[in-house]
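First the structure, in the form of structure tokens, and then the observations on it.
Laboratory data are not the source of any read-out in this text; all were calculated from the coordinates shown. This is a predicted model, so every value here is computed, not measured. We place every Cβ from the backbone using ideal geometry, glycine too, and count neighbours over all the protein chains shown.
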Amino acid sequence: MRMIILASSSPRRKQLLESLGIDFKVVPSNIEEKLNPRLRIAAQAVELSRQKAQAVLLKAPKGSIILAADTLVELDGDLIGKPETIEEAKRMLRRQQGKVQTVVTGFTIVDKDSEKVISGAEETRVWMRKLTVREIDAYVRKEYVLDKAGGYAMQGIGSVLFEKIEGDYFNVVGLPMAKVFLKLKKFGFDILKNF
């Protein structure tokens, strides 16, 4: 079976792929993520995933399939990225609490040999409950938030921050598994084939 290369340093994406029981290698893209204010959120997430995939494509061995993704959060028409400091994470959480937001993961899959490219995006709406200042402070002390869009993770302790989700849970974690699986099949990679 061909090797999948995950062009991401996200531990959550790594865990999601591991849960499928497939062989893959992690090769972070290490690109500087530059947002284009003219793009809507889904197009922005896809564009960032393309940039990551292209950066890793250059160093990938023949026969590889590169999978890259980027997750963004939109609230009240504004894009919310990853916080750079704990204080910025607290501000993000104060702004998001009690509101509905959209989480979008854009992904790109590239075949090293044919250079065939397929991209897509998934959107999920999440309702964050109203939080107290004490809860926000406690959360950022317990969870490493600086590598997470919106300053939170929905899994683990972060699950208590939310009232409701509409859409793909795994999308919020960092990779819309069903959609990615269907696209990987177009590259001849079917993890259910051998069962």
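Observations, loosely collected:
- Choice from Leu17, Leu58, Leu75 showing the highest fluctuation, given a GNM over the chain with Cα pairs closer than 10 Å: Leu58
- Ordering Tyr152, Tyr139 by the number of other Cβ atoms within 10 Å of each residue's own Cβ, fewest first, gives Tyr139, Tyr152.
- Kirkwood analysis of segment 94-195, using all unique Cα-Cα pairs, places the hydrodynamic radius at 15.5 Å.
- Separation between Cα centres of segment 86-142 and segment 36-79, rounded to whole Å: 14
- Pairs over the 28 Å Cα-Cα cut-off, from the set Lys82/Lys112; Lys14/Lys59; Lys148/Lys183; Lys59/Lys148; Lys112/Lys164; Lys164/Lys193: Lys82/Lys112; Lys112/Lys164; Lys164/Lys193.
- Helix content alone sets the calculated 222 nm mean residue ellipticity of the chain: runs of n ≥ 4 DSSP H residues at -39500 (n - 2.57) each, divided across all residues, give -9000 deg cm²/dmol.
- Hypothetical label at Gln155: residues of segment 1-26 whose amide nitrogen lies under 13 Å (7 Å Cα-Cβ projection): 10-21
- The distance between label points at Glu87 and Phe181 comes to 4.5 nm (points 7 Å beyond Cα on the Cα→Cβ vector).
- Relative contact order [Cα under 8 Å, 6+ residues apart], the chain, whole percent: 22
- Our summary gives segment 76-189 a relative contact order of 32 percent, counting only alpha carbon pairs under 8 angstrom and 6 or more residues apart.
- Rule-of-thumb Rg ratio for segment 74-144 [Cα; 2.2 N^0.38 Å; N residues]: 1.48
- Magnitude of the charge dipole for segment 85-173, about its Cα centre and with charges confined to Cβ atoms of Lys, Arg (+1) and Asp, Glu (-1), is about 620 debye.
- Exposure proxy for Leu57, Leu131: other Cβ atoms within 10 Å of each Cβ, ordered fewest to most, give Leu131, Leu57.
- Scattering curve values for the chain, log₁₀ I(q)/I(0), Debye with Cα scatterers, q = 0.12, 0.13, 0.18 Å⁻¹: -0.58, -0.68, -1.19
- Ala43-Asp147 FRET efficiency (beta carbon distance; Förster radius 30 Å; 0.05 resolution): 0.85
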